[in-house]
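Single-structure report; data block below.
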Amino acid sequence: MAEAMTPHTDVAAYLLGRLEPGERATFEQHLASCPECRLSQHELSPVAELLTRAAPPVEVPQGLEARTLLAVERAARQEEPARKPDPVRRRSLLPRRLVFGLAPAVALAALALAFVLGRGSAGEDSPGPAELEAVLVRPGGVAVAASARVVKTGIGRVISFRSDELPILPTGEYYELWFVGPGDTPRRPNRISAGTFHPDEQGRSHVTFAAAVDPAKYPVLSVTAEPGDGNPRPTRPDVLRSRT
């Protein structure tokens, strides 16, 4: 499977046979104790069956993934009560709402997207030329630890992030990828969240995000390890940071 995901968001990949053997075993263990995932499996199984009988693979239009991800995010926001926006945006709740909180039509569209991308672009990074390519290193720059590639589409950016050596975090914590702008400090952060993720059991991460951010204004990428306390601001030092 291309991405490291949390167990709740593995339902579609599980139904479409996109999980690696180890990931499949981990998800099946989670499924046995999670009634929400079992309900989602029951509701989405007919759709997955129809998708496996679909027409042969076709070339995925450029920007399809970004457009669909942003449409899903907009649908999630429409279901939330109006609230004061925060200058540092975090979307850690989006993956869970993708399965459990969105309207059924949006969830099915996301499942179809996972199937199309899996058939039409397996093994490929986001389409189009890279607007930003970065190597992220540990504090002190002693070793290469991760890489990121940012591709511009008509409505935003698609970010592909890879790392093979991030430690597994305690339960409830997660890693967060940030676009960092000039003058960023712990007291006065100037950064935008691209999204959150967890490595797999071997510490490997290959995740894809969609974000409305201009790398020219936020040219540095960083990763922090955050507690699951609901605070949208960065609360810990960078564990990885791109070279400038």
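Mean projection of the alpha-carbon convex hull of segment 130-242 over all orientations, in nm²?
Taking the Cα atoms of segment 130-242, their convex hull projects to 7.0 nm² on average.
Taking the number of other C-beta atoms within 10 Å as the exposure measure, put 184, 10, 238, 229 in order starting with the fewest.
Exposure proxy ranking, most exposed first: 229, 184, 238, 10.
So if R0 is 41 Å, what FRET efficiency would residue 34 and residue 190 give, r being the distance between their Cβ atoms, rounded to the nearest 0.05?
The calculated FRET efficiency here is 0.60.
What are the trypsin sites (Lys or Arg not before Pro) within segment 160-244 that DSSP puts in a loop, where the Cβ has at most 12 other Cβ atoms within 10 Å?
For trypsin sites (Lys or Arg not before Pro) across segment 160-244 that sit outside H, G, I, E and B with at most 12 neighbouring Cβ atoms in 10 Å, the list reads 187, 217, 243.
All of the numbers you see were taken from the coordinates with simple rules; none came from a lab. Computed from a predicted structure; not experimentally measured. Positions of Cβ are backbone-derived with ideal geometry, glycine not excepted, and every protein chain shown enters the neighbour counts.
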